[in-house]
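Below: the structure, in structure tokens.
The values are calculated or read from the model by the stated rules, or taken from the named source; none is laboratory data. Only a predicted model underlies this, so the values are computations on that prediction, with no experimental measurement involved. Cβ sites come from the backbone with ideal geometry, for glycine too, and all protein chains shown count toward neighbours. Heavy atoms of the whole protein, side chains included, go into the accessibility calculation; ligands, DNA and RNA do not. Shrake-Rupley method; radii C 1.70, N 1.55, O 1.52, S 1.80 Å.
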Amino acid sequence: MPAPGENEDEDMFFRDMAECVSTHREAGPALVWPRNADGVLKRLRAEHERALEAGSAPDRPADRPADRHRNADTRPLARLVASRLRTLVGASAVRADFHDLAAGETREILLTDADALLITVRGGLECSVRSASASPPKRHLPLTLRMRVGEVLYVPHSYPFSLTAGRSSSTVLQLGLVPAAPRPAL
């Protein structure tokens, strides 16, 4: 993948996701269809499939407490995607984790320390987002969306969500955007 600024099409892909995060941070979930996603997604899918075949893909869930602020994924393109988004959204860290779901499988997820960007890499799925607290839910929650390859869902931290694969298996790249520490007042 070229360095930032070397490929305008890929830069638009990352900028669209960063704009979604900055617009909807703390406001609630949002779906974005980033421009020019095809090339990045095709390479992410190929890299992930090679890692699975080689047995080198991480096999622990994304919300493990032991290494909350470490990018657990070792695949170069996944790490580069995380790095590019970290810079664009001003996060202190971005964790990259793939979720492979068998047909019909459901996975419950809650990130309490990071916002999530869910990038559909393969297949289709349903994502259900619920209210972040026991207080009355915001008027647009609970929210259930069908996602196809190339669609990206932003979910603010502490909003529980579930992913359910459709009739075939699905792969989602989850990017956990750990917020930068607030600067102390002078």
(message) Looking at 176, 150, can you tell me which residue is crowded, with 16+ Cβ neighbours inside 10 Å, of a type outside the set (Ser, Thr, Tyr) and either modelled with pLDDT of 90 or more or assigned to a strand (DSSP E or B) (or both)?
(response) 176
(message) Being modelled with pLDDT of 80 or more, under 17 Å from the mean Cα position of the chain (by Cα), more than 26 Å from residue 132 (Cα to Cα) and not aromatic (Phe, Trp, Tyr) narrows it down to one residue among 92, 83, 22; which is it?
(response) 83
(request) With the checklist (1) over 15 Å from residue 171 (Cβ atoms); (2) more than 11 Å from the chain's Cα centre (by Cα) in hand, flag the one item residue 116 doesn't pass. (result) (2)
(message) Step by step: first the residues of segment 31-47, then only those that are open to solvent by less than 90 Å² (accessible area, probe 1.4 Å) and in a loop (DSSP other than H, G, I, E, B), then the one that is farthest from residue 119 (Cα to Cα). Which residue is that?
(response) 36
(message) Being at pLDDT below 85, of a type outside the set (A, V, I, L, M, F, W, C), part of a loop (DSSP other than H, G, I, E, B) and surrounded by 14 or more Cβ atoms within 10 Å (Cβ to Cβ): is that true of residue 64 here?
(response) no
(request) Report, by residue number, each residue of segment 85-100 that is closer than 20 Å to residue 11 by Cα and either open to solvent by 30 Å² or more (accessible area, probe 1.4 Å) or among the β-branched types (Val, Ile, Thr) (or both). (result) 86, 87, 88, 89, 90, 94
(message) For the list (1) of a type outside the set (Val, Ile, Thr); (2) closer than 27 Å to residue 141 by Cβ; (3) at pLDDT 85 or above; (4) open to solvent by less than 20 Å² (accessible area, probe 1.4 Å), I need the number of the one condition that residue 28 fails.
(response) (3)
(request) Confirm whether residue 162 is without any contact (Cβ under 8 Å) to a residue 60 or more places away in the chain and either of a type in the set (Phe, Trp, Tyr) or in a loop (DSSP other than H, G, I, E, B) (or both). (result) no
(request) Scan segment 153-173 residue by residue and report those that are surrounded by fewer than 22 Cβ atoms within 10 Å (Cβ to Cβ) and over 24 Å from residue 93 (Cβ atoms). (result) 162, 164, 166, 167, 168, 169
